[in-house]
1. Within the set of pairs 6 or more residues apart or between chains, which connect a residue that is small (Gly, Ala, Ser) inside the stretch 25-38 to a residue that is buried (at least 20 other Cβ atoms within 10 Å of the Cβ) and in a loop (DSSP other than H, G, I, E, B) with Cβ atoms less than 9 Å apart?
2. Give the number of residues within the stretch 36-60 that are over 15 Å from the mean Cα position of the chain (by Cα) and of a type in the set (Gly, Ala, Ser).
3. Return the residues of the stretch 17-50 that are among the hydroxyl-bearing types (Ser, Thr, Tyr), in contact with a Leu (Cβ under 9 Å, 6 or more places away or on another chain) and over 19 Å from Gly71 (Cα atoms); say none if nothing qualifies.
4. So, in the stretch 103-147, how many residues would count as being more than 15 Å from the chain's Cα centre (by Cα), surrounded by 15 or more Cβ atoms within 10 Å (Cβ to Cβ) and part of a helix (DSSP H, G or I)?
5. What are the residues in the stretch 88-136 that are of a type in the set (Phe, Trp, Tyr) and within 22 Å of Leu22 (Cβ to Cβ), if any?
6. Exactly one of (1) without any contact (Cβ under 8 Å) to a residue 60 or more places away in the chain; (2) not in a helix (DSSP H, G or I) is unmet by Gln154. Its number?
7. Does the stretch 47-95 hold any residues that are among the aromatic types (Phe, Trp, Tyr) and in contact with a helix residue (DSSP H, G or I) (Cβ under 7 Å, 6 or more places away or on another chain), and which are they?
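We did not get these values from a lab; they are worked out from the coordinates using the rules stated. Everything numeric in this text was worked out from a predicted model, so none of it was measured. Glycine gets a Cβ as well: all are built from the backbone with ideal geometry, and neighbour counts include every protein chain shown.
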Amino acid sequence: MNSSTEKTDGFEACEFREFLALLRRIYFFSRLPLDALKVFAYLCTKERFRAGDALIRQGEDDGQAFYILEGEARLFREEPEGERDIRTLGPETFLGGMSLLTESQRLFTLRAETDMACLVLNRKRFLRTLENFPDVSPKLMGAIVEQIHSWESQNLIGGEGTSKAGVSLI
């Protein structure tokens, strides 16, 4: 291993503290006890993507969650008529949390518009950790329900989507 790719103990500790601080700010992890958060922070990786790279592909099950640290990505849906833009996502955006919980095909594609850096956590490591922290699952569900309620409050109540039933009715 050459010196440009080696990690020193100081760098790893610094990166761990950075990841821990980031997880504490993400709604999905915000209610979790510190001991579980520390494990998740240790399991996260920082990955770089070049403009044009697909982070998420519609129809695939990659089992990963992403927190965008730097750069921008375009979220779109591939349809018979072509690509339908959903939105552009930038720093401090968390997505894919539900894919950590269960297998499911992605409904959208997310492609890097610029060079990007993301914090990434995969399902296999996430679920293995949950087995060791049985008190974490109810807290995760609470955070997810709170996020769904917040989304519905913004998008369904008094908004354009009032003709559609909300997910919280399930």
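1. That search, which allows pairs on different chains as well, returns Ala36/Phe29.
2. Adding up the residues that qualify gives 4.
3. Listed by number, the residues that qualify are Ser30, Tyr42.
4. 4
5. Phe94, Phe126, Phe133
6. Looking at each condition in turn, Gln154 falls short on (2).
7. Tyr67, the sole residue that qualifies.
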